[in-house]
Number of protein chains: 2
Amino acid sequence: MKREQLRLYLVTDSGLSLGRPLEEIVGEAVAGGVTMVQLREKEASTRDFVELALRLKPVCKAAGVPLIINDRIDVALAVGADGVHIGQSDMPYEVARKLLGPDKIIGLSVENFEDLEVANGLNVDYVGISPVYGTPTKTDTAEPFGLEGLRKAVELSAHPTVAIGGMNASTIGAVMGVGTDGVAVVSAICSAPSPREASQELLKIVNSNLGR
Amino acid sequence: MKREQLRLYLVTDSGLSLGRPLEEIVGEAVAGGVTMVQLREKEASTRDFVELALRLKPVCKAAGVPLIINDRIDVALAVGADGVHIGQSDMPYEVARKLLGPDKIIGLSVENFEDLEVANGLNVDYVGISPVYGTPTKTDTAEPFGLEGLRKAVELSAHPTVAIGGMNASTIGAVMGVGTDGVAVVSAICSAPSPREASQELLKIVNSNLGR
């Protein structure tokens, strides 16, 4: 994985997509410049999850954008996804790596500095600093890092970082400014009237705040 | 898998275990003669599911009883379980077989005669005829087969069969009488005051109605 692929990282949420199929959201988002796509489905049956991933795969592939599966290593293996994103309640990293092999992308959410220290000792491809801000799209999250917490986390991290939680056009400029490699966006793209234009606008903000 | 291993097949349900840890339920059940154990956890996080499976594994292994994981092929691979049980909304059989390899047990629930016909063309190790009766432990199930439907399904099946749904001391005698290879029991063991004695009692009924 290239560090630049974290820049504008779309995390899907079917429930926030205003009834539009995810293929449409993702198709527009990659056309608008999203650099990575994570399929997150907490309620779907395994079969529906697999079928949805199979529909997104050619969309992502055509755009040269990695498709990452949230939590479910079986789904990632079934569809030949580019990797998985795991949280602290998901498969332990070592097991995930063993099942997926050395070449797949594995991202890990860290919810505090203790998690980050553990992640520094693992061969993960990136860490998600989660959440930076409180957010209505995930209700089970830990205490937010805040901007200063994120700055410290980015400094301490041995791996590329992506900021998660509360990422939208108003927040991502400052977030990129503290040196994170990218931002993970949910509703700011999934719920946008035009996911393509929203992605273009967000990417522009990200790029103009790179390496400040 | 030996056909006899289907005889008294425990499907776990943490919510029906009256607060007792599943290791205790399973330990008693295998001591009482259960021939196969399926770990079913629809609500647990991946990490909790894996940890629970790792706790059950030595208990089953010591008793020589296969440990089967419901739905989650990633969990089965992570813990080196003996196989998986998949339903019609889970991973498609061919994908499951590819991920698990030729030696693992794969059982498939069939909910009607159309599912059964499809299953006859697959290399599954057994089919679960589900549900035979209505049951409070699964609320999302299809129209029950009933005893005559079960008899017909057993006759038509190319694979060993296990009867699922409403299996308890009052029903399993007749169910075994129509020629099924075994019965899958949830609450009759998980909720019993003594899972061990309940298993012994159920196994006695199963064995006395074999090949009638």
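The values are calculated or read from the model by the stated rules, or taken from the named source; none is laboratory data. No experiment lies behind these values; they were computed from the predicted model shown. Glycine also receives a Cβ, built like all others from the backbone with ideal geometry; neighbour counts cover every protein chain displayed. What goes into the accessible areas is simple: the full protein's heavy atoms, side chains included, and nothing from ligands, DNA or RNA. Shrake-Rupley method; radii C 1.70, N 1.55, O 1.52, S 1.80 Å.
Some notes on this structure:
- Between B:L8 and B:T35, B:M36, B:V183, the built amide H atoms are under 5 Å apart, and every one of these is 5 or more places off in sequence or on another chain.
- Interface residues in the range A:4-50 - accessible area drops by 30 Å² or more relative to the isolated chain, probe 1.4 Å: A:T46, A:R47
- In order along the range A:155-160, phi translates into HN-Hα couplings of 5, 7, 6, 7, 10, x Hz, rounded to whole numbers, per the Karplus curve 6.51 cos²θ - 1.76 cosθ + 1.60 with θ = phi - 60° and x for Gly and Pro.
- Computed FRET value (nearest 0.05) for A:E24 with B:A142, which takes r as the C-beta separation and R₀ as 22 Å: 0.10
- Dipole of the range A:45-182, positive direction: furthest Cα of A:G173, A:V124, A:I68, with charges on the beta-carbon: A:I68
- 1.4 Å probe, heavy atoms, protein only - residues of the range B:90-105 losing at least 30 Å² accessible area vs chain alone: B:M91, B:P92, B:L99
- Compactness of the protein assembly as shown, expressed as Rg and Dmax over alpha-carbon positions, Å: 24.2, 81
- Taking one quarter of the surface of the convex hull spanned by the alpha-carbon atoms of the range A:1-92 gives a direction-averaged projected area of 5.9 nm².
- In straight-distance terms, cross-link reach from A:K98 covers every one of the lysines whose alpha-carbon lies under 28 Å from its own, apart from those fewer than eight places away in the same chain; here that gives A:K2, A:K42, A:K57, A:K61, B:K42, B:K57, B:K61, B:K98, B:K104.
- Based on alpha carbons, the Rg and Dmax found for chain A are 15.6, 44 Å.
- Contact surface A-B: accessible area buried, both sides summed, square angstrom, 1.4 angstrom probe: 1500
- Solvent exposure of chain A as accessible area per residue, Å², 1.4 Å probe: 41
- Here, the range A:31-152 has an Rg and a Dmax of 14.8, 41 Å when only alpha carbons are counted.
- The sum of -39500 (n - 2.57) across all DSSP H runs of n ≥ 4, divided by the residue count of chain B, sets its helix-only mean residue ellipticity at 222 nm to -11500 deg cm²/dmol.
- Axis-nearest residue in chain A [Cβ, rotation onto B], distance in whole Å: A:D74, 2
- Estimated vicinal HN-Hα couplings, Hz - the range B:47-63 in sequence order (Karplus 6.51, -1.76, 1.60; Gly, Pro = x): 4, 5, 4, 4, 5, 5, 4, 5, 6, 7, 4, x, 5, 5, 4, 4, 8
- Ligands, DNA and RNA left out, the 1.4 Å accessible surface of chain B is 49% carbon and sulfur atoms.
- The order of the peptides A:190-202, B:114-126 by mean Cβ neighbours within 10 Å, most packed first, is A:190-202, B:114-126.
- Stokes-Einstein D for the range B:88-212, Kirkwood Rh over Cα pairs, 20 °C, 1.002 mPa s (µm²/s): 142
- For residues of B:70-78, the mean tally of beta carbons on other chains within 10 Å: 6
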